[in-house]
Amino acid sequence: MADEVPVVVITGASMGIGKALAMRWAKEGARMVISARDRVELEKVAREATSAGGACVAEAGDVTKEEDRVRLIDRAKSEFGRIDVLVNNAGRGYYAASTDIDVNALADLFALNVVAPLRLAQLAMDSLKESRGMIVMMSSIAGVAAVPNMGAYAATKFALEAIAMSMRGELAESGVGILVVRPGPVDTPFRENSITTNTEAGVRPKGSRVQTPEAVADMTVRAVRSRSSVVETSLFVNVGSFASRVVPPIFRLVNQRMAAKKS
Ligand SMILES: NC(=O)c1ccc[n+]([C@@H]2O[C@H](COP(=O)([O-])OP(=O)(O)OC[C@H]3O[C@@H](n4cnc5c(N)ncnc54)[C@H](OP(=O)(O)O)[C@@H]3O)[C@@H](O)[C@H]2O)c1
């Protein structure tokens, strides 16, 4: 990646973590193309980021639609002539017991949380290879640890992690890096924007502390700069991630207790 200020494409930048990322990169004078469906909010973020020192243009669209994905990547190329960083951040939650998951809604969730990031990476690949750039996959602690009522959401983030893991190996020779970001709970409109079925949105595990989107954005920008592979954004995520993979019996016990509290 060039030493000059990067050209960054950020999806889901009308609010939450994506907006915080645009504002954080703006401080470094980054050139950005940001995307989300809400044109009015997106243009507001683009103006704010430009006032804060970046060069930020809004390209409104739905990342589950192929024509909008193509338009987004083309806009970055035509506006700035290159892409250094693609941040696949747009995503949605789904809170439901596994027996209540609506399979059509789950298919839509996969289209947004898994297919869109993969497809955008494919579309941006030539530019990313030229710049020896980075792809950021906004995963979650749910990408490595599934808790009760979050099976659908976790399934999409596990799938995203699988693609990222595979892609990292495939692209090693090309110089394109893959960064997976795993936040825990973050203070954004995420829970209100999630799908819910017969359950309260966002029952949060005991001990989880809510982070600010700015903290997650700051860690992400630093991790891109150092070309890290994974960033877990809090101690809570470190513990959950370790427990689910290294001491699964303990994780199963915690899961059972969480499920019992909810029933
Ligand atoms: N907040 C958390 O606790 C948390 C924890 C771990 C991981 N994450 C992950 O972090 C990412 C960002 O989450 P957030 O908390 O910032 O959520 P958020 O506040 O709900 O923001 C989601 C963003 O995605 C955009 N979006 C949704 N559907 C879209 C579509 N079809 N096409 C284009 N854009 C779309 C939304 O804008 P429009 O509605 O305008 O399209 C919005 O800008 C997600 O991938 C999420 O899974 C969040």
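The values are calculated or read from the model by the stated rules, or taken from the named source; none is laboratory data. Just so we're clear, the structure is a prediction, and the values are computed from it rather than from any experiment. Positions of Cβ are backbone-derived with ideal geometry, glycine not excepted, and every protein chain shown enters the neighbour counts.
Values for this structure:
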quantity	calculated
Filter result for the condition that a residue is closer than 27 Å to Ser166 by Cα and at pLDDT below 95, over Val254, Val247	Val247
Neighbours by Cβ (under 8 Å, 6+ apart or cross-chain): first from segment 118-133, closer than 14 Å to Ala172 by Cα; second in a helix (DSSP H, G or I) and among the hydroxyl-bearing types (Ser, Thr, Tyr)	Lys129/Ser174; Arg132/Ser174; Gly133/Ser127
Residue match in segment 187-204 (condition: of a type in the set (Val, Ile, Thr), within 14 Å of the ligand (Cβ to nearest atom), at pLDDT 95 or above and not in a loop (DSSP other than H, G, I, E, B))	no
Some residue of segment 43-59 being assigned to a helix (DSSP H, G or I), within 12 Å of the ligand (Cβ to nearest atom) and under 19 Å from the mean Cα position of the chain (by Cα)	yes
Test result for Val114, more than 10 Å from the ligand (Cβ to nearest atom), on the phi < 0 side of the Ramachandran plot and in a helix (DSSP H, G or I)	yes
Cβ-Cβ under 7 Å pairs, at least 6 apart or on other chains, segment 71-93 side over 26 Å from Arg191 (Cα atoms), far side aliphatic (A, V, I, L, M) and modelled with pLDDT under 95	Asp84/Met1; Asp84/Ala2
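Rundown of residues vs (1) more than 9 Å from the ligand (Cβ to nearest atom); (2) in a helix (DSSP H, G or I); (3) of a type outside the set (Val, Ile, Thr); (4) at pLDDT below 95, yes/no style:
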| residue | (1), (2), (3), (4) |
| --- | --- |
| Ala13 | no, no, yes, no |
| Ala22 | yes, yes, yes, no |
| Gly29 | yes, no, yes, no |
| Ser78 | yes, yes, yes, no |
| Ala90 | no, no, yes, no |
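Table: residues versus (1) buried (at least 23 other Cβ atoms within 10 Å of the Cβ); (2) of a type in the set (S, T, N, Q); (3) assigned to a helix (DSSP H, G or I).
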position: Ile135; (1), (2), (3): yes, no, no
position: Ala146; (1), (2), (3): no, no, no
position: Phe158; (1), (2), (3): no, no, yes
position: Ala162; (1), (2), (3): no, no, yes
